[in-house]
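Okay, so here's the structure we're looking at.
The values are calculated or read from the model by the stated rules, or taken from the named source; none is laboratory data. From a predicted model like this one, the values you see are computed outputs, not experimental measurements. Cβ placement follows ideal geometry from the backbone for every residue including glycine, while neighbour counts extend to all protein chains displayed. Keep in mind that these areas ignore ligands, DNA and RNA; they rest on the heavy atoms of the full protein, side chains included. Shrake-Rupley method; radii C 1.70, N 1.55, O 1.52, S 1.80 Å.
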Amino acid sequence: MTPSRLFAAAAVTMCLGCPATGALAQGLSTATQTIDVMNTLWGKHAGTRANHAKGVVVEGSFSATPAAAALSKATIFSGQPVQVTVRFSDSTGLPALPDGSPDANPHGMSIKFYDANGDVDVVTNSLAFFPVATGEDFLALLQALAASGPDAPKPTKADQFLATHPSVGKAFGTVATPASFARETYNGVDAFIFVSAEGKRQPFRFQFVPVAGTEHLTPEEAAKQPPDFLVDELPKRLATQAVAFHMVAQLADPEDQTRDPTKPWPADRKRVEMGTMVLTRAASDNVRAQRELHFLPNRLMPGIEVSDDPLIDARVRAYVISFGRRAH
């Protein structure tokens with residue numbers, strides 16, 4: 001799809017849930033400012049994303065469990081193998097950031113499921129929950145960081161924002177550098193809704209758990225690693241062995257809210273294993289794959305729907321703008 005067609009399709013999609021043209025215009029303005037301030041913080045780098053600029057693309061397949069088909073009529077859960085393309089990434093818009101840098105956290109994993117009835121995108125990262133609840137708050141956080149250089153008066157704008165938004169510090173306290181992209185747990189911080197064949201609706205959040213187990217490095221160990229140890233290690237690993245993740249859905253109870261991604265649901269909420277994703281090979285042309293891939297959290301299919309979480313639309317708008325800039 002060309003950038004112009006992508007913008008047109010995304011604009012139509014983003015109108016869903018927007019009560020008025022003014023709300024859509026405000027959301028697009030916030031998204032544009034968000035990408036602008038990312039470019040201020042990390043610079044503009046041709047052909048790369050405004051955030052999560054550094055990454056590696058791999059391929060494989062996903063096979064669902066019968067429990068998944070009972071929860072959702074989406075055909076990716078039919079039980080037949082579905083091809084997937086997955087991009088693992090470091091945080092920030094710095095394409096040369098060392099993988100072991102604390103700034104590379106949280107790490108991301110975005111998945112595109114290729115189904116005969118349409119693609120499905122799932123965007124996850126290693127945060128246990130998101131630092132802020134809305135696109136406007138995320139923009140305000142980035143603006144505060146941009147205004148808080150080493151010469152900024154104390155307390156800095158960032159200090160002030162963190163003091164009034166304690167969820168930011170708590171969220172970033174849940175991440176660490178993984179020993180491998182294959183040894184990290186990735187969370188879908190936004191709530192979505194499964195719709196079964198009978199019409200039953202079930203709010204949920206995705207989680208991808210490595211079959212080999214989660215393994216993190218200490219800050220001291222991470223600092224000693226080569227700059228590209230994560231993006232180099234995964235293709236080498238796949239050359240000798242497959243990498244598998246369990247897709248898990250945490251199901252909300254009726255009293256659980258779905259609107260605020262800074263508030264995780266209680267740990268005792270039911271978790272259903274939806275299937276296993278097996279990655280078997282690196283993309284044949286990693287640079288080209290990263291340029292062409294674009295993931296939209298609301299690219300779904302019947303059986304999976306967005307919730308009332310406003311961050312979903314905010315992320316879509318920002319991703320579309322970032323893709324448009326890197327595609328030129």
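Got at least one residue in segment 153-160 being closer than 23 Å to Pro264 by Cβ, of a type outside the set (Asp, Glu) and open to solvent by less than 50 Å² (accessible area, probe 1.4 Å)?
Looking through segment 153-160, none of the residues is closer than 23 Å to Pro264 by Cβ, of a type outside the set (Asp, Glu) and open to solvent by less than 50 Å² (accessible area, probe 1.4 Å).
Considering each of Ala171, Ala140, Ala191, Ala152 in turn, give the residue that is more than 22 Å from Asp260 (Cβ to Cβ) and among the hydrophobic types (A, V, I, L, M, F, W, C). Break it down into steps so the answer makes sense when it comes.
Working: Ala171 fails: more than 22 Å from Asp260 (Cβ to Cβ); Ala140 fails: more than 22 Å from Asp260 (Cβ to Cβ); Ala191 fails: more than 22 Å from Asp260 (Cβ to Cβ).
Within the list Ala171, Ala140, Ala191, Ala152, the selection yields Ala152.
Out of (1) closer than 17 Å to Glu184 by Cβ; (2) open to solvent by 20 Å² or more (accessible area, probe 1.4 Å), what's the single condition that is false for Pro266?
(1)
Can you name the residue in segment 79-97 that is in contact with a helix residue (DSSP H, G or I) (Cβ under 7 Å, 6 or more places away or on another chain) and part of a loop (DSSP other than H, G, I, E, B) and is also modelled with the lowest pLDDT among such residues?
Gly79
Would you confirm whether or not segment 233-244 contains a residue that is touching a Gly at 6+ places or on another chain (Cβ under 7 Å), open to solvent by less than 50 Å² (accessible area, probe 1.4 Å) and not polar (S, T, N, Q)?
no
Of all residues in segment 303-328 being open to solvent by 30 Å² or more (accessible area, probe 1.4 Å) and among the acidic types (Asp, Glu), which is farthest from Pro131 (Cα to Cα)?
Glu305
Look at segment 171-183 and say how many of its residues are open to solvent by 40 Å² or more (accessible area, probe 1.4 Å) and either of a type in the set (Gly, Ala, Ser) or free of Cβ contacts under 8 Å to residues at least 60 places away in the same chain (or both).
Total meeting the criteria: 3.
Restrict the check to segment 131-149 and report whether at least one residue is part of a loop (DSSP other than H, G, I, E, B), of a type in the set (Asp, Glu) and closer than 25 Å to Phe323 by Cα.
no
Kindly list, by first and then second residue, each pair from a residue in segment 131-155 that is farther than 18 Å from Ile35 by Cβ and at pLDDT 95 or above to a residue that is charged (D, E, K, R) and assigned to a loop (DSSP other than H, G, I, E, B), limited to pairs with Cβ atoms under 7 Å and residues at least 6 apart or on different chains.
These pairs meet every condition: Ala133/Asp260.
Yes/no matrix, rows are residues, columns are (1) closer than 30 Å to Arg201 by Cβ; (2) under 18 Å from the mean Cα position of the chain (by Cα):
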site	(1), (2)
Thr40	no, no
Lys44	no, no
Thr48	no, yes
Lys54	no, yes
Val57	no, yes
Ser101	no, no
Phe113	yes, yes
Leu127	yes, yes
Gly135	yes, yes
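What tally of residues in segment 184-228 results from selecting those that are under 22 Å from Val84 (Cβ atoms), open to solvent by 20 Å² or more (accessible area, probe 1.4 Å), out of contact with any helix residue (DSSP H, G or I) (no Cβ under 8 Å at 6 or more places or on another chain) and part of a loop (DSSP other than H, G, I, E, B)?
2
Test each condition in (1) farther than 29 Å from Pro102 by Cβ; (2) surrounded by 14 or more Cβ atoms within 10 Å (Cβ to Cβ) for Glu255 and report the one that comes out false.
Result: Glu255 fails condition (2) only.
Go through segment 132-152 and count every residue that is open to solvent by 80 Å² or more (accessible area, probe 1.4 Å) and acidic (Asp, Glu).
Qualifying residue count, segment 132-152: 2.
What helices (runs of 4 or more DSSP H) lie completely within segment 1-78 and have 3 or more residues being modelled with pLDDT of 95 or more and surrounded by 14 or more Cβ atoms within 10 Å (Cβ to Cβ)?
Working: elements: 3-15, 21-42, 66-71.
Filter on segment 1-78 gives 21-42, 66-71.
Given the criteria open to solvent by 30 Å² or more (accessible area, probe 1.4 Å), closer than 26 Å to Met277 by Cβ, acidic (Asp, Glu) and touching a Phe, Trp or Tyr at 6+ places or on another chain (Cβ under 8 Å), does Asp99 qualify?
It is false that Asp99 is open to solvent by 30 Å² or more (accessible area, probe 1.4 Å), closer than 26 Å to Met277 by Cβ, acidic (Asp, Glu) and touching a Phe, Trp or Tyr at 6+ places or on another chain (Cβ under 8 Å).
Mind listing just one residue for me: the one in segment 98-121 that is assigned to a strand (DSSP E or B) and not hydrophobic (A, V, I, L, M, F, W, C) and, of those, farthest from Arg299 (Cα to Cα)?
Gly108
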